[in-house]
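Okay, handing you the structure first.
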Amino acid sequence: MMKRRQLLTGGALGAAGLVAGCECGAPAGGAAIPGAINSRELKMVTTWPKDFPGLGTMPERVAQFITEMSGGAITVRVFAAGELVSAFESFDAVSNGAADMYHGAEYYWVGKSPGFNFFTAVPFGMTISEIMAWTEFGGGQALWDELSARFNIKPIAAGNSGHQLGGWFKKEINSLEDFRGLKMRMPGLGGEVLRRIGASAVAISGGEIYPALQSGAIDATEWVGPWNDLAFGFYQEAKYYYWPGFHEPGSQLACGINLDLWNTLTATEKSIIQGACQRANNISIAEFTHHNAIALEQLINEHGVELRQMPEDVMAALADASKTVLEETAATDDITGRIYQSFRESLIRSMDWGRISDETYMAARRKAFDL
Ligand code: CA
């Protein structure tokens, strides 16, 4: 066990202004010295199954980077969902100090405040670059800090699973009528939107989806995208794979750190944790983009999956219902209203810019590659 408050004296950290051998990281009664890194072991709980592609490996990466960047002074012990606490207990565990940090998706904490939805993904919301723009520059982080501080947590973006596809259906969807009474697994605000167009949305955890499809308890499901969906083998029970998704256009994942602990960290320690989260964020964007494309080819070529585009009238009805659901969510309380307002302003700015840049360019580009 490493001794807490013991200053690391490694040569690699010399530039951080350390005095070798001195116990001056956080002197009793005094302020922490900005450049110090104190030896400590942090406990990280997560909302993911152990080693699950992309999701379960992301917190392992955050932990590894923190250790590497701190020259081994800070180690992080990662607990998969259920190992220390269940997935949905992660937030409370960090809030009350039973764990030091969590890695998860903020929309799991909607029971605390619906405002948390916006920091992961909402129906017809932000893509990866748009949510990064809002978080970093559009006022998102300040509101996120304000909301999380009410629960004694400091939140940091630490991953993004990218665009999530429309999902797996046992039968073809030809019009809005086909959604009436359809039992589909979709949690959160996306599920509420489905209810508004007449579907029967159910929220079950990842591991429960396959048996529910198999038994006929559900007719359709979304999960993540080709990479993660292939891993669960949904194509064996539902052969129609629909695009695009509307419900999670770029789900941002996060680390939440106990705020009391965060406030005792030195500037260098905070920077290490933020840097580790940011690095994990970048890698996850690259790996989901890469693996989703490869898995999609496998699903079509090796497993005979039928790719279908969601009909326009369905997408239009989903957009109408989303507008209502988002506005109702925003009206829940003051802070959720302010979060939605900030989110909306940032997204509209991004859409105006995107319309004359990426959006048009990406469609036009295909011709240069004979697609
Ligand atoms: Ca999902």
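Can you pull out the residues in the range 181-199 that are of a type in the set (A, V, I, L, M) and more than 11 Å from the ligand (Cβ to nearest atom)?
Result: Leu182, Met184, Leu189, Val193, Leu194, Ile197, Ala199.
Those residues that are part of a loop (DSSP other than H, G, I, E, B) and either at pLDDT below 95 or within 28 Å of the chain's Cα centre (by Cα) (or both), I need them from the range 301-322; list them, please.
Correct list: Val305, Met310, Pro311.
Then there is this: Evaluate the following for Gly198: is it outside any helix (DSSP H, G or I) and either modelled with pLDDT of 95 or more or of a type in the set (Phe, Trp, Tyr) (or both)?
Yes.
A further question follows. Every residue in the range 158-180 that is within 16 Å of the ligand (Cβ to nearest atom), touching a helix residue (DSSP H, G or I) at 6+ places or on another chain (Cβ under 7 Å) and not in a loop (DSSP other than H, G, I, E, B), please.
Gly159, Asn160, Trp168, listed by residue number.
When you check Phe52 against the structure, is it surrounded by fewer than 24 Cβ atoms within 10 Å (Cβ to Cβ) and either polar (S, T, N, Q) or modelled with pLDDT under 95 (or both), yes or no?
Taking the combined requirement at face value, the residue satisfies it.
Turning to a different aspect of this structure: Just checking, how many residues over the range 55-87 are outside any helix (DSSP H, G or I), touching a Leu at 6+ places or on another chain (Cβ under 8 Å) and buried (at least 22 other Cβ atoms within 10 Å of the Cβ)?
Qualifying residue count for the region: 5.
Check Thr75, Thr67, Thr127 and return the single one that is of a type in the set (Val, Ile, Thr), out of contact with any helix residue (DSSP H, G or I) (no Cβ under 6 Å at 6 or more places or on another chain) and closer than 28 Å to Thr268 by Cβ.
Answer to the check: Thr67.
Being more than 12 Å from the ligand (Cβ to nearest atom), surrounded by fewer than 22 Cβ atoms within 10 Å (Cβ to Cβ) and not in a loop (DSSP other than H, G, I, E, B) is the filter here; which residues of the range 231-241 pass it?
The answer is Ala231, Tyr235, Gln236, Tyr240.
The values are calculated or read from the model by the stated rules, or taken from the named source; none is laboratory data. From a predicted model like this one, the values you see are computed outputs, not experimental measurements. Quick reminder, even Gly has a Cβ in these numbers, built from the backbone with ideal geometry, and neighbours come from all protein chains shown.
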